[in-house]
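Worksheet: one structure, shown below.
The values are calculated or read from the model by the stated rules, or taken from the named source; none is laboratory data. Please read all numbers here as calculations on a predicted model, not as lab measurements. Cβ coordinates were reconstructed from backbone atoms using ideal geometry, including for glycine residues, and neighbour counts include every protein chain displayed.
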Amino acid sequence: NTAQAVANRIRQLCEQNKITPNGLSNLSAVPQSTIKSILNGESQNPGTATIKKLCDGLEITLAEFFDTPEFNALEQEIK
């Protein structure tokens, strides 16, 4: 599902950037509790504003965030 894909992408980006979710919180000004709830699957619908802040912290665009095989496969399921 979308929430799981977002969580997976955040984990992937943390790994690529060699930062922890806590480090991502510091970079993006998104509260640790929000990132934790996304990663733990408690947040079923992370808002676009939150994802945009994460992208800004990582210096990537929203398009780059969502441009993965996992999201592209989701798009097909939704249609």
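Among residues of segment 48-64 that are modelled with pLDDT under 95, those with a Cβ under 9 angstrom from a residue that is in a helix (DSSP H, G or I), sequence gap 6+ or separate chain, pair up as THR48/LEU62.
Among the conditions (1) in contact with a helix residue (DSSP H, G or I) (Cβ under 8 Å, 6 or more places away or on another chain); (2) at positive phi, the only one that GLN32 does not satisfy is (2). Condition first: in a loop (DSSP other than H, G, I, E, B) and surrounded by 13 or more Cβ atoms within 10 Å (Cβ to Cβ). Now tell me which residues in segment 21-49 satisfy that. Within segment 21-49, VAL30, SER43, PRO46 meet the criteria. Just the residues that are part of a loop (DSSP other than H, G, I, E, B) and farther than 15 Å from ARG11 by Cβ, please, taken from segment 61-79. Passing the criteria: THR61, ASP67, LYS79. On the given criteria, is GLY57 of a type in the set (Gly, Ala, Ser) and surrounded by fewer than 11 Cβ atoms within 10 Å (Cβ to Cβ)? No: the conditions fail for GLY57.
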